[in-house]
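Some notes on the structure that comes next.
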């Protein structure tokens, strides 16, 4: 749309301002569709058998909450020597 405006404007065949309005409407529709999500997203997906065993782990709640424990006694962010 905007390219059409520039091509028409520089060819001196007029000044089609309607292209800007169409571009704005298309942009708003794209933003609305992007925020709408996929159909059926409101229902949670069923867990597979493999994922169910991880969710049943007693450590799952801590990991989900972001409570990370250092591995092998090395704190996070410490790259070592």
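The values are calculated or read from the model by the stated rules, or taken from the named source; none is laboratory data. These figures come from a predicted structure and were not determined experimentally. FYI the Cβ positions are ideal-geometry reconstructions off the backbone, even for glycines, and counts take in every protein chain you see.
The set of residues from the range 1-33 being surrounded by 13 or more Cβ atoms within 10 Å (Cβ to Cβ) and in contact (Cβ under 8 Å) with a residue 24 or more places away in the chain comprises just one member, 1.
When the test is whether a residue is under 31 Å from the mean Cα position of the chain (by Cα), assigned to a helix (DSSP H, G or I) and at pLDDT 70 or above, residue 61 passes it.
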